[in-house]
1. When a/c is below 1.5 the answer is rounded, else prolate if a/b is larger than b/c, else oblate, so apply that to the range 172-315 with a ≥ b ≥ c taken from the square roots of the Cα gyration tensor eigenvalues.
2. Got the relative contact order for the range 404-533 handy, in percent, Cα pairs under 8 Å and 6 or more residues apart?
3. How many percent of Cα pairs in the chain exceed 33 Å?
4. Round to the nearest 10 and give me the degree value, 0 to 90, for the angle of helix 280-296's Cα axis relative to the longest principal axis of the chain.
5. What Rg and what Dmax come out for the range 484-554 when only alpha-carbon atoms are used, in angstroms?
6. On C-alpha positions alone, give me the angle between the axis of helix 405-414 and the longest principal axis of the chain, in degrees, nearest 10.
7. Keeping all protein chains in the complex and leaving out DNA, RNA and ligands, what accessible area do you get for Cys402 with a 1.4 Å probe, in Å² to the nearest 10?
8. Per-residue HN-Hα couplings for the range 388-402, Karplus 6.51 cos²θ - 1.76 cosθ + 1.60 at θ = phi - 60°, whole Hz, x for Gly and Pro?
Amino acid sequence: MPDSTRTAPLPAARVPACADLTPLPLTEVSLAPGGELGTWQRINRERTLPHVIARLESSGVMDNLRRVAEEAAADYRGFNFADSDLHKTLEAIAWESARVPGKQPWEDFAQSATALLARVQREDGYLYSHVQGHDDQEPWRDMRWGHELYVLGHLIQAAVARERATGADDLMQVARRFADLAVREFGPDSARADGYCGHPEIETALVELYRHTGEIAYLDTAAAMVDRRGTGALGTGPFEPAYHQDHAPVREAQEATGHAVRQLYLNAGLADLEAERADAAIAAALDAQWRSAHGTKEYVTGGMGSRHKDESFGDPFELPPDRAYAESCAAIASFQWNWRMLLASGQSRHADAMERALYNGIASSTGIDGVRFFYSNPLQLRTGHDGSSEYSPSERLDWFACACCPPNLARLVASLGAYVATGTETSARVHLYASGTIALGRSTLTIDTQYPWDGTITIDVAGPLEELALRIPAWATEPTVEVNGTTASARSDADGYLRVPTDDGDRIVLTLPMAVEMLDPHPRVDAVRGCVALRRGPLVYCIEQSDLPPGVAVEDIRLDPATPVRTGPALTSLRTEVTLLTEAIVRSAAGAPLGTAAPRRARGAHSSGMLPGRINLRAIPYARWANRGAGAMRVWIPLDEEASRA
């Protein structure tokens, strides 16, 4: 691998499929602080990251390590993989170090945490406080639930990020000692049939460590783990092998199944491995899995995973809105997988999936205050919902017993700039639209836009850029592009990008009209049959109890398909530039008997106590719900039967 990977802060330094898919370092992309993504990064820096660091202390993550180093007498607290919360936080700090020059306010923490990890690490490289802190535990004893390799994966990613962002190799030394132990234990020469992790994540990390160091043993070990998976060696109980993606060899698995985060992290690793080994069977399996996940198992918000029982994908089209699990980490993993698929294929469908998840399923995970989070992200919260479980609360919480999501969000948001565009000084592609600047060697793009609230994107070109490819989202109809005030001669390729010839000093204006749409569900999604979802541009909207008159329940709202939905004014208290307004029908079902079985022809507008009325209705972006206290919400809104027949 080129030496530049040691210094260029890149989350994934893969060799591009073509020149204009060359990943750009975080240092080359600056998101404007007033734009949507730039504002998110500012809140992440000022609020989320300090909060996460403080909770590492209060939740016991740091003391778990100190007790192994005999620096604390506290009992072990948290899940067995709690070390990974620290590792993801260290990765977030690293990306912030690349994004904002100068000494970071958390550098002392990063250095002291790294030194603590080094003190805890055993001589052979093993570093896992849960096992080291319990006399009755043995390393590698439980590959199904042990999580050692999962924790190592996040340690590797943090170390790569830290060295690429700051040049410091202190954490890398720790990570490589542990990784070298994993090579000895699980490399291609290992005879262990169960030589792979019950929670995939190590695969993508080892490939990136190979890219960073050039050490082929890391790539070979990732490949060996992938080749073993699907033999059933992890065993069963309490969940079936599919939960761990251990039901079939990876090259034969055609359907996204089992624990959603595990499946999506595995697929990110498979995409990385395929990029290095050009494995046609893996490429075909990934394409089939993509069509399974995004064609039959994805929520309209980009959320993944419909079952609470095992945090898993359900059957095709099993997408209940009120029981949606849609874990925050699953949406993040989907984003990371699609980024790798995008770099491999250049197809805009992968950037579309990234955008859908980012602005909806991921953005909904964090409150506007930056310090409260959702673990699961339902598309409906019923009136009277029991929110006592932290995995299905009525409003966001500041931490979780299983705290994987908050630090995961912190590291993603800190690194967002790396996913905006790719290219060289002569050709580039813009995948995600955001205000800011993009440096491409001797060329620079300056982007001005209010996206995702407005579809006008102005791009000023400086330098010898010859061609710019602009993603046309699947939701966009009749886009227009001008160069220097004149309608451009542009060719649209089969991958969904509009290719515009450019020259130094050009101004390009891309306009993506953002009509308000009523989306019909797939006919096989029984749970929302007869409903519609509201979308404008990339944003999915919802209705919330806070916007309804007293005595009107969210469940009693109906939409008249003949009544237009229009854009409404900003709601600054929710950091929302565009709301949606319409007139809705209220049919109160209060007092209606459960299980009424009157013949359909006998049901009139007033039967079963359903009394109609009309109200003015406001919808807000789904990503902003639950910021005004607990209350009912829904994305899929029923159409009124009587109005539909009229």
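1. Numbers: a/c = 1.85, a/b = 1.54, b/c = 1.20.
Since a/c reaches 1.5 and a/b is larger than b/c, the shape of the range 172-315 is classed as prolate.
2. Numbers: 241 pairs, mean separation 25.8, N = 130.
It comes to 20 percent, rounded to a whole number.
3. On the way: 97374 of 208335 pairs.
Above the 33 Å cut-off, the chain has 47 percent of its Cα pairs.
4. 30 degrees
5. Gyration radius and largest Cα-Cα distance of the range 484-554: 20.3, 61 Å.
6. Around 80 degrees separate the two axes.
7. 10 Å²
8. 3J(HN,Hα) across the range 388-402, in whole Hz: 6, 7, 5, 8, 8, x, 8, 8, 5, 10, 8, 6, 9, 4, 9.
The values are calculated or read from the model by the stated rules, or taken from the named source; none is laboratory data. All values reported here derive from a predicted model rather than from experimental measurement. All Cβ positions, glycine included, derive from the backbone under ideal geometry; neighbour counts span all protein chains shown. All accessible areas refer to the heavy atoms of the entire protein, side chains included, with ligands and DNA or RNA removed. Shrake-Rupley method; radii C 1.70, N 1.55, O 1.52, S 1.80 Å.
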